[in-house]
Every structure is written in C-alpha cells, then in structure tokens.
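In what follows, a single structure is set out as structure tokens and then discussed.
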Amino acid sequence: MRYIKFEKIAQIVESLCVSAGYELPDDVLAALKEAQRKETNPGAAKILNQLIENARIAKEDKIPLCQDTGLAVVFVEQGSVVAVKPPELDTICLMPDTRGSGDENRASRIEHRETLFDAINAGVAAGCEKGFLRKSVVADPLNKRENTGSNTPAIIHHSIVPGDKLKITIIAKGGGCENKSQFRMFKPTAEREEIIDWIVDVVRTAGADACPPFVVGVGIGGDFEISCLLSKKALCRNLAARNEDGFYAELEADLLSAINALGLGPQGLGGDTTALACLVETAPCHIASLPVAVNIECHSHRHKSAVL
Amino acid sequence: MSEIKKLTSPLTQADVRSLKAGDQVSLTGVIYTARDIAHKRLCKAIDSGCELPFELEGAIIYFCGPTPARPGRVIGAAGPTTSSRMDAFSPKLIANGLKAMLGKGYRGAEVREALKKYGAVHFSTIGGAGALLSRYITSAEVIAYEDLGAEAVRKLKVVDFPAVVAYDAQGRSVYSS
C-alpha cells in the first residue's frame, strides 16, 4: 500500500482551486483564439477578443476570471493500492465544518475528518480563502440557504482504478451555465438525428443566459444518474481531444456544427461561435432505455488536474 | 461600430427614452449590486412600507456578486449574473422608480412590459469577464444585507462601464427571437 499524506492532498487541491480561478486552461484559451480568428461577425470577434483579454488580466493581476468562481466539482481516481495517511490533530482543528452542524462533539469530528473526501474539502476551503475566491455554497438548498462560508462541501465523484496514483481533476463550475443543463430519457429506438435536434435545442434554450460560447458536455447511456455524471465528466477532457470511438467522434463534430449553425454567438448577440467544443461520453444501458444528458459549460471553462 | 452613448447615473426619463436596443453605452456614476435574495428582500421592504437601503428613483441595479477584494484593491472579479432569475422581482422595482438593470441574458414578458410601461431599460454586459469589468469600478461599499456575503447590496462607483442596451423602453430587444 502507498500512503499519501492528508495534508499533501489538501495542498494540491488548494493549488488547483486557486489556479482554476485565475488561469484559463491552455486548451480553452487556444479554442477561444482559434474561434476569434475564424469568426466572421465583427461584433462577435470583438467579444471573443475581450474574453481573451479578460484571461490575460486575470492571470497578470490575480483577479478571478469570473466572479462566479464556481462550485468545486472534483473527479478523483484513486489507485487501488493508494491510501490516505490521516492528518495530525492540529490539522484537523483547522479544517472547516462542511457539515453545517457546529454542535457535534470533538471526538466525532475527528472521526469523520481523516478521509480522502475530508482532505479534498480542506483543500477547497483553503483555496477559497487564500485565493480570494467567492463563497458560493449554501448548506441547505430550500429552507435556510445559509452560506457555508468556505465554498464547501465540494461535489466529489470518486472511483477506484488500477495502480498506485491518485488523480484529481477539479472543474470550477459556475451556476449560470449549470442551471441550463438538461436530461431526457429517449426511446431506445430513437434516431441519431432526434438526439442531435434535442441537444441543439437545449443549447438554444441556454442561450445568452449561460455565457456562450459554450463547452457542451453530453452523456449518453448508463441510467438516469450516470448519463448526467458522464455529461459532467466529459468536461474533464482536453477540448482538442475527440471521442476515441469513430461513431461518437463524428457525432461530436456534427453536434458542434449544428450548435454553431444556431448563430447564437458569444454572449448570445450573434456570430459563428456558439460553442467551442462538444464532448460526448457514453456507457452501456438497459434495453428499454436511452438516457441522454447535456451539461452546459460557459466559456470560462476552468478545469485543472494533478496526479499524485 | 456605432458611437458609444455616455450615460451618468441616476438616469432620467429622457436618458432612458433616448436609448435603442443594440446601442453601445458606457455608464458612469453610482450603481447598486443586488442578486436573488437581495431582490426578495427589497420587494418585501416595498410591500411592508419599509425604507429601502438606497434611492430607487433613477437608479441602476447591477446583478452581480463579486469575489472578495485582495488587500489594497477596490473589488475582485465583478461581472454580471443571469438576469432572468430576477424576473419575478424587477417589475415591482421598476414600478417604484428603478430606471435600469445591468446583467446578462434574457428578460421575461412581465419585465419587458414594465420597461415599456414605466420607462426603463435593461443593459447587458460581458458575462464571464469579471476581471476585465472590475477595471471600470473605482469604489465599492456594502450598504445593506451584509449577512448575504457576496450577495450583499453594494454601492459601486463606476467610470465608463461598458454595456449594450439589451431591452429598451419601446419593447425592442437586441436578441433575435
């Protein structure tokens, strides 16, 4: 078994959160520049230039790319022979209370604050504080809606993979675009074109509200929740990388063309660039089902990874 | 590119009536930030006859929840949030003197109707460019609902803040239907 220190994991997560806030990833910046070069609508090209300029200012002046520094969505792949070395007691005391209850006794807090998830949340909270990021999480969704004050808990998707590494990918996901994401259960006999039409319609509906040009994540297959998860996981991929399956690589290309044919453009004010990329991920599914989910991501597509 | 119309807050009825959807504008003066919960509270205050934290007549509300300022800075990133989430509340504020809103994206039928009826406009500015837009803000001060953190009402002073008229007082929109 390989042990990785709790503090090391927290520290890496902290640095990923901070760099996500300030530095637009290279693949996204390259896609924006390519779109700006090809854009035939002068107003749209001007907006794309402003987005490129925004990325420069953010990095140089240490001002976040967007005031919505996002909910930390964390995909963590834990090698089967990797374990977390629990933290020292002092570290535990510094960690945020992500469970929203201040009256738990200390013993139970310690018991619950030594896991991989705790290390991730500690890193997210530290990144938020030290990086001057926005605290955008409320503890209760409907009743009190009180801010947790730490931008935690993070949304954590965990999987066990072969090997002795720990891979952590963080997407700082804004609320405005997430609000426009959709799910639909198709009939298993549905045609490819029917699915394309619906996905394009989801993008049309997102429109100016969700900060186009988008990155469109699509999950096909699995079940109700897996399709949604795949649509988010698709956003972890480098924008220049196509699906390895030729059928789905072609579907991605056709979807991107159809989405850009909408003419919605940057900020919804018209133009050739409605999406920078469309990324499809798939999974096996039930004979009766064809679940499809679309995760809308804004142009400020902040995804960062590290391998420990 | 058409000429940029310079506007100074508070806005007058004449200012608002002179604007057409698609006009590029620059805003100078005081604007107030308010998002979802702050809107709910402002409307409750109006309903119960309480005093509002700022003068609504001629005011511009910016749908924005900025990031914290680093030491020595005025503000952090400060771009717009999605305007349509404020649709349920904006008509009441417009009826009580609000002259303009600044956000991103679409507005619903009730808001568009209120813009026409009372003479007000909706501006859009660049979503996802909070670093760039922060450069047009020269001061920021929390004036109400401090408990809301990023969502508190802030009095911002802006100079030549860039925006476009998304919905005008004649019922026109910059967005194609």
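Derivation of every value follows stated rules applied to the coordinates shown; laboratory data play no part. Only a predicted model underlies this, so the values are computations on that prediction, with no experimental measurement involved. Here the Cβ positions follow ideal geometry from the backbone for every residue, glycine too, while neighbour counts run over all protein chains shown.
Results, tabulated for the structure shown:
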quantity: Average beta-carbon neighbours from other chains, 10 Å sphere, peptide B:69-81; calculated: 5
quantity: Label-point separation in nm, A:Asp164 to A:Ala240, each point 7 Å along Cα→Cβ; calculated: 3.2 nm
quantity: Relative contact order computed over the stretch A:175-303 (Cα-Cα under 8 Å; 6+ residues apart), in percent; calculated: 44 percent
quantity: Semi-axis lengths (Å, descending) of the ellipsoid that matches the C-alpha gyration tensor of the stretch A:175-303; calculated: 22, 14, 14
quantity: Local net charge near B:Leu7, Cβ-Cβ under 11 Å (Lys/Arg +1, Asp/Glu -1); calculated: 0
quantity: Unsatisfied cross-links (Cα-Cα over 19 Å) in the set B:Lys20/B:Lys157; A:Lys46/A:Lys180; A:Lys130/A:Lys167; A:Lys130/A:Lys180; B:Lys6/B:Lys116; B:Lys44/B:Lys92; calculated: B:Lys20/B:Lys157; A:Lys46/A:Lys180; A:Lys130/A:Lys167; A:Lys130/A:Lys180; B:Lys6/B:Lys116
quantity: For A:Phe214, distant residues with modelled amide H under 5 Å away; calculated: A:Ala275, A:Leu276
quantity: Nonlocal amide H pairs with B:Lys5, under 5 Å, H built at 1.01 Å; calculated: B:Gln24, B:Val25, B:Ser26
quantity: Quotient of C-alpha Rg and 2.2 N^0.38 Å, computed over the protein assembly as shown; calculated: 0.99
quantity: Per-residue ³J(HN,Hα) for the stretch A:150-158, Karplus 6.51 cos²θ - 1.76 cosθ + 1.60, θ = phi - 60°, Hz, x for Gly and Pro; calculated: 9, 6, 10, x, 6, 8, 10, 10, 10
quantity: Chain A - percent relative contact order, Cα under 8 Å, separation 6 or more; calculated: 26 percent
quantity: Amide hydrogen neighbours beyond the local backbone of B:Val121, cut-off 5 Å, H modeled; calculated: B:Ala100, B:Met101
quantity: For peptides B:79-91, B:153-165, sequence by mean Cβ density within 10 Å, most packed first; calculated: B:79-91, B:153-165
quantity: Listed residues A:Ser150, A:Ser19, A:Ser289, most fluctuating in chain A (Gaussian network, C-alpha, under 10 Å); calculated: A:Ser289
quantity: Those GluC sites (Glu not before Pro) in the stretch A:153-260 that DSSP places in a loop and that have at most 11 other beta carbons within 10 Å; calculated: A:Glu191, A:Glu244
quantity: Other protein chain Cβ atoms within 10 Å, averaged over every residue that makes up A:205-211; calculated: 6
